[in-house]
Amino acid sequence: MNGTTSLGMMRATSLTRRPHTSECAASTRAAETMHLQGIAVAERRWGANHPEVATNYNNISFVYGDQFDYARAIDWMRRAIRATGDQGDWETTALEHANLAGLYLYADDLTRAEGAINRAWTVVKGHREKPPILVAHVLTLMSMMEAELGHGDRAETLALETVRLRSSYDNDEYFARSDIALGKARRTKGDLTGALASLDQAVKRREHVYGKAHSLVVYPLETRAEVRAALGDARGATEDAARASAIRDAVRRS
């Protein structure tokens, strides 16, 4: 799966946080330096195993994910989980395991992805009061995993549940995630027209939130390119693939 981090990841510091425009435009190398400096300060103050430090680890994981460096992103997210341990609140614990599952999905490690998402869901379902956006986040990942495994009906059921949950919160990024999950599910089922409609929405939402050249636009573009190719739209598929490739190259050079 050639994806970007945002579909499978949420910042543990906030369930509804949107990135600032300056963050989206900033050099990924500059962001890496800034977060590594923040980690050094946090570790001096709290040590390596503290929930406050886990937040820093979580954030640097996003930076590496935005660079498509999933090995380092996974390593830092696993550090975040260890640092949180039993000291963090249950929502943070669930988020971190879900974030790890998303990274494993992008790294094409479905076995570890399944284990991480199951751990996240076990934490979530053990609480009566569940933030709808957190539930949607976990279900989106479960839907994506089912689609990767070829279980189209199950994937679509989960994705449609995330769409239903939209009435409980307002966040274009997470709406885009459910659009992507639904698009992948429908592609797996062979409903290419429905898949294309969902992916069109996902691309539009992410371009609106982040701009057309942000790394988070890559995944829906690449997925839409595959659907367009299957529909016989060679020109559209080539355009989407070329745009996604150009964004990847620009991110890696930044």
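The values are calculated or read from the model by the stated rules, or taken from the named source; none is laboratory data. Everything numeric in this text was worked out from a predicted model, so none of it was measured. Please note: Cβ atoms are built from the backbone with ideal geometry, for glycine as well, and neighbour counts cover all protein chains shown.
Any residue in the range 159-182 that is surrounded by 15 or more Cβ atoms within 10 Å (Cβ to Cβ), of a type in the set (Gly, Ala, Ser), touching a Ser or Thr at 6+ places or on another chain (Cβ under 8 Å) and free of Cβ contacts under 8 Å to residues at least 40 places away in the same chain? Yes, the range 159-182 contains a residue that is surrounded by 15 or more Cβ atoms within 10 Å (Cβ to Cβ), of a type in the set (Gly, Ala, Ser), touching a Ser or Thr at 6+ places or on another chain (Cβ under 8 Å) and free of Cβ contacts under 8 Å to residues at least 40 places away in the same chain. Filtering the range 140-159 for residues that are in contact with a Lys or Arg (Cβ under 7 Å, 6 or more places away or on another chain) and among the polar types (S, T, N, Q) leaves a non-empty set.
Scanning the range 55-75 for residues that are of a type in the set (Lys, Arg) and crowded, with 23+ Cβ neighbours inside 10 Å yields nothing. In the set Leu221, Leu216, which member is among the hydrophobic types (A, V, I, L, M, F, W, C), in contact (Cβ under 8 Å) with a residue 60 or more places away in the chain, within 27 Å of Ala30 (Cβ to Cβ) and part of a helix (DSSP H, G or I)? It is Leu216.
Quick one: is Thr28 in contact with a helix residue (DSSP H, G or I) (Cβ under 8 Å, 6 or more places away or on another chain), buried (at least 21 other Cβ atoms within 10 Å of the Cβ) and of a type in the set (S, T, N, Q)? No, not satisfied.
Taking the criterion of being among the aromatic types (Phe, Trp, Tyr) and at pLDDT 95 or above, the residues of the range 74-113 that qualify are Trp76, Tyr104. Which of the residues spanning the range 63-111 are within 18 Å of Ala147 (Cα to Cα) and free of Cβ contacts under 8 Å to residues at least 12 places away in the same chain? Scanning the range 63-111 gives Asp109, Thr111.
When the criteria are applied in full, Gly190 fails the requirement of being closer than 21 Å to Tyr104 by Cα, at pLDDT 95 or above and surrounded by fewer than 17 Cβ atoms within 10 Å (Cβ to Cβ).
Would you check if Arg205 is basic (Lys, Arg), over 25 Å from Thr28 (Cβ atoms) and part of a helix (DSSP H, G or I)?
No, not satisfied.
Restricting attention to the range 200-240, the residues that are within 27 Å of Ser254 (Cα to Cα), surrounded by 22 or more Cβ atoms within 10 Å (Cβ to Cβ) and touching a Leu at 6+ places or on another chain (Cβ under 9 Å) total 11. Taking the criterion of being without any contact (Cβ under 8 Å) to a residue 12 or more places away in the chain, closer than 30 Å to Gly211 by Cα and charged (D, E, K, R), would at least one residue in the range 35-47 satisfy it? No, because not a single residue in the range 35-47 is without any contact (Cβ under 8 Å) to a residue 12 or more places away in the chain, closer than 30 Å to Gly211 by Cα and charged (D, E, K, R).
Of the set (1) under 17 Å from the mean Cα position of the chain (by Cα); (2) among the charged types (D, E, K, R); (3) farther than 23 Å from Glu173 by Cα, all apply to Asp233 but (1).
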